Structure formats: C-alpha cells, structure tokens
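Coordinate-derived values only; no laboratory data. Remember, it's a predicted structure, so these values are computed and weren't measured experimentally. In this analysis, Cβ positions are derived from the backbone assuming ideal geometry, glycine residues included, and neighbour counts consider all displayed protein chains.
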Amino acid sequence: MLAFLKMTMSTNDYSNYLKEKFPPKENFVKRMEKLLGEVEAKKFFEISYTQTPNSIRCNTLKILPDELKKRLEFYGWEIKQPYNEFPEVMIITNKIFPGELGNSKEHLLGYFYVQEISSMLPMLALQPKNGEIILDLCASPGSKTTQAAAMMENKGTIIANEVNMGRISILNSNLERCGVMNTIVTRKDGVALCNLLLKKSQIRFDKILVDAPCSGEGTLRKSPKTFQMWNENMIKKIASTQKKLAESAIRLLKVNGEMIYSTCTLAPEENEFIINHLKEKFDIKIEKIILPLKSRHGICKWEGENLSKEVENCLRLYPQDNNTDGFFIAKIKKISEKEKDEKYTKNIQNILLNTL
Amino acid sequence: MKIQILDKTKKKKLISGLEEFGINKIQELLIRTGKERIRAYSGNLSKEEIMDLWRILPIEGIGLYIAKEIIDKDGKKEIRLSIDGLHLLKDQIKNNIITLNEKQEKEWFKSNKIDFERQSKLKGFVAVKSSDEKDFIGFGKISQDQKNLFGYLPKERRRKTMVL
C-alpha cells in the first residue's frame, strides 16, 4: 500500500499523508525535545515523514565500483559516490520505481546490496580485516555480514548468528547472492551462544559486532508504523536484552579486540546507558569513531543521571544531519579480562554508605 | 545441519565431475551438507575447529553453496553447479557455455523454459551467459531433443513481478 502511494503521490502529499496517518505520541515528542531542543526536534520529525535516498553498496567480492557504476548508469540511473575513501557506497539520485533496484540483473547476480548508508557505518567503524575472526551476533538480514566479508576479501572467518529460523533463510540467501565464503551461520539466542562459546570453545574474537534489536526510532522514514508502536515500556524492556547481549559478547573478545555496539534507535537507555554499564563492569576503553559524515557525540547526562565522560566518544547520527536514517554507534576496546562482580561492588558500596 | 568435510580423494572425485567445463581446481575447503549439497569454505578455521564448533552449536550454513550432487534417471552421479558456484569458478569455465539473446535472457530470469529456434549443438548441463556475454547468469540443462533449455535459478534470484 505504502509503495503504491509513494509512487503515485507527490513528495509533499505523501509526507502529509504519513503525518496524518502516523502522528507521533506526545511522550515521544517530549523526549526528543529534551534530547535535541525544540528546533532540532522539529527538524527530526519533519524529515521522519520523508523517504531516505536510494543507497546501495557495491559488492567488491564480485565487481569493482567503477564497473558497477558504468553498468547502472546504462539504465539511466544517476549514481553519486559521496565518499572518496569508500567508492563502494553509492546513491541513486534520480527517482526510480519500487522494485526496480531489486529486479535489476546486477542485484540478482549479487553485484550490489541495497543498504541504507547509516547501516553501512558500523562495519566502516569496525574495519574487519583479512584473516581476523569476527562475530556478528545479530546478523540477519546480512547487510553488515556481507559488507564485512567484502572488506575481508573472503578471508578470515565470520560467525554470523541469528536466532529466528525465518530470518536465517534471508541471511543465507543474501550471503549466497553476494558470494560470501568465509562465514559460518549459527542459530542460537545471542546470550546463549556467547555463554556456550565461552564455556565449551577456545574461539575468541578479534572483532565483534552487536547490532542489537532496538525500538527503531531511527528508522521511522522506512517504517512509519514505529510511530504507533513506540512506547517507553518497550524501550525499558529492550534495553535489558541489549545489556545482556553486549555483556555476553564482550567476554568473547580477545584482549585488545574491538567491539561495535550499534542500534538504529536514539533512546539513551538503549545506547549510552548500555555503554556506561559496560564501562562500569569491564576493563574497556570507549574509542573515538571517525567517519566522513556529520555526526554528534554521545550524551553523558539524561533524566538526572550522569554517565562516564568517555561515553561522549560514542557517535549519534540524526536523520536531519545527513539525510539518512538515525543511528547510534559505540566502539569498545577490551583492555584486559578484568570484570567487576556487580554483587561484590554493590556490597562494598553499601558498607561504605553505612560507615559514612 | 549435518556436515562432512571432503577429504582429498573425495574432493578430487568431485572436481573430476566438472572437468567437461574446464574446471580442474577448487582451492577452498569443500563441505557436504545434508545428502547432496556441496559448499566451499574459504575461512581460516581448521577442520578440527569447524567440527568442534558444529558439536556445540546449531550450524545453519557454512561457506558458499556451489554445487549439488545428483543421481540421474540411469543411476549415474552428476554435478550441478549453483549460480554462485558458477561465479566462483567462472575463470576456469571454457566449455559447455551457451549465450542467450536478449529475449531469452528475459525469460531466463523469470525461470521460464527457453525454446531454441535451431537445435542446439550442446547436450546436458550448460553454463549460461547473458546476452552481452559479460556475466554467467546460471546453470541449465538442455533437453534430450536439444530444443529447449531449463534453468535452475533459485526463487530469490528470479525477477519478481511487481504487485502494488
């Protein structure tokens, strides 16, 4: 239905239709105003009712970016490569019909992957390399796994995990289409997988991606239904899952190994609060992320709680800054295997409080 | 998923089944999953590490599905390459190649049977090339009377009809 409207309505009419059909909840507006200020929050909601540009990633396992660009231009598509250092990232600037990208021969043969630019950033920040062992804990549909395999030139190993069988089929299908050969796909709850590997295997990872399931505040442009589904209880519930996932994953990281924690949401409870918790519990460093687009730093104060100053090194991407989806990325470096026992820490805190 | 890593002899035997296309080498580790699917793994885990992992975790995929071992009507073992197996080995493929014209290519991507105007000189399995000869677009089989071509394009690789 939305695809039909997108095609038949003018950009303005489509945007107005969405605004009427999917108005934001009052609490959501208030939270975004608290986070961004009134002016920026207004810009955020304004762009959330428009479409993201069509972006693709050239699959360098099968074709070079210049060759792909030439082929796609032959269809009359206008192709822009916005970042010199990442020629595989491409934007189609002219209007195309729904399904036109997916039905092109180059897509069917796996020469490119339709992927929103913000979703390409976690792997660009993680920089997986030829020969490394990588864990992609929540891998389906495979956009980031296929990107990692291309960056690794099909060398090294990626363990791509997904818990849902239906989503595994999609993941497998995308890995095959893109010619990925260095990946092992596993089906397990993320936390259970980490615990199993920790107890029963010697495998430890050079790099890990935890692209955690989230409330999706950053993907409103793609799925306006999120406006209806949004509620604060959902955020709290998901945050608890995210915390467990991130904690379990960090234990599988080699010392000096790096982990990216990312979500497509903007709620601090699902982002900075998780990173702050990891910082308190593990011997880690939150590293700065340098990417070639406008971003904002992580927030250190929210709803009266102060977080570690290092959390500022996290990266926030708002849709209005680069005409993308919204995203959050944190890069963590494991310094040592040291881990604080929460119960022990709480007991010490209680003793200290009582003595004071 | 049941997995079996092919030893040297089994790997050699499998590759010999592809010799008619000009294929004589596959560098990657070959793994049989289920009864008939052959997958190529290019990663750096050892055979032992893979098997250890398989014992503790449910593995749903490993490497790239490149071929299927099938038994024909006469009980003869045959190897059918997948479209991605074809892409992996494209530089070695020199024989049994058929190039489609533009009209046939359109039908191919809809997974329809291709009718030839003239009887084909080729028989059995063929590697199929696009009309501009730039790409291998799949693996097919020419009918016994050499008048048609049937494709093995998986559903996800066929052109979809848009329903709005």
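Our helix-only sum for the protein assembly as shown, with -39,500 (n - 2.57) per DSSP H run of n ≥ 4 divided by its residues, gives a mean residue ellipticity at 222 nm of -10000 deg cm²/dmol.
Entry note, the range B:96-164: relative contact order of 34 percent, from Cα contacts under 8 Å with a spacing of 6+ residues.
Close amide H pairs (under 5 Å, H built 1.01 Å from N) link A:Leu220 with A:Gly326, residues at least 5 positions away or on another chain.
Listed cross-link partners A:Lys6/A:Lys301; A:Lys62/B:Lys25; A:Lys25/A:Lys237 are compared with a 30 Å cut-off, the Cα-Cα value being larger for A:Lys6/A:Lys301. Mean separation of Cα pairs under 8 Å and 6+ residues apart, divided by the residue count of chain A: what relative contact order is that in percent? The normalised contact order for chain A reaches 16 percent.
Once fully extended, how much extra length lies between A:Asn233 and A:Leu198, figured as 0.36 nm per residue of separation less the alpha-carbon to alpha-carbon distance? Kindly include the intermediate steps, with their values, before the conclusion.
Details: separation 35, 0.36 × 35 = 12.60 nm, distance 3.17 nm.
Going from the current span to full extension adds 9.4 nm.
Pairs of alpha carbons in the protein assembly as shown separated by more than 32 Å make up 49% of all such pairs.
Taking the beta-carbon count within 10 Å as an exposure proxy, list A:Val29, A:Val89 from fewest neighbours to most.
Values: A:Val29 16, A:Val89 21.
Sorted ascending by nearby Cβ count, the order is A:Val29, A:Val89.
Dividing the mean sequence gap of close Cα pairs (under 8 Å, 6+ apart) by how many residues the range A:243-315 holds gives a relative contact order of 28 percent.
Looking at the range A:252-317, which GluC sites (Glu not before Pro) are in a loop (DSSP not H, G, I, E or B) and have at most 15 other Cβ atoms within 10 Å?
Numbers: sites: A:Glu258, A:Glu269, A:Glu270, A:Glu272, A:Glu280, A:Glu287, A:Glu303, A:Glu305, A:Glu310, A:Glu312; in loops: A:Glu303.
Sites meeting the loop and neighbour criteria: A:Glu303.
Amide H contacts for A:Ile133 (H built 1.01 Å from N in the peptide plane; partners 5 or more residues away or on another chain; cut-off under 5 Å): A:Thr157, A:Asp206, A:Lys207. With all pairs of separate Cα atoms included, the range A:71-190 yields a Kirkwood hydrodynamic radius of 15.2 Å. Take the Cβ atoms of B:Thr99 and A:Phe74, set R0 to 22 Å, and the FRET efficiency comes out at 0.70. The range A:220-253 and the range A:100-138 have Cα centres spaced 22 Å apart. For chain A, DSSP calls about 60 percent of its internal beta bridges antiparallel.
Computed from backbone phi, the HN-Hα couplings of the range A:54-60 come to 6, 10, 9, 10, 5, 8, 5 Hz, rounded to whole numbers (Karplus: 6.51 cos²θ - 1.76 cosθ + 1.60, θ = phi - 60°; Gly and Pro given as x).
Non-local amide H neighbours of B:Gly61 (under 5 Å, H modeled in plane, Pro and chain starts lacking H): which ones? Those qualifying (amide H under 5 Å, at least 5 residues apart or on another chain) are A:Val185. For the residue pairs B:Lys35/B:Lys155; A:Lys254/A:Lys285; A:Lys279/A:Lys333; A:Lys236/A:Lys309, the C-alpha atoms sit more than 18 angstrom apart in B:Lys35/B:Lys155; A:Lys236/A:Lys309.
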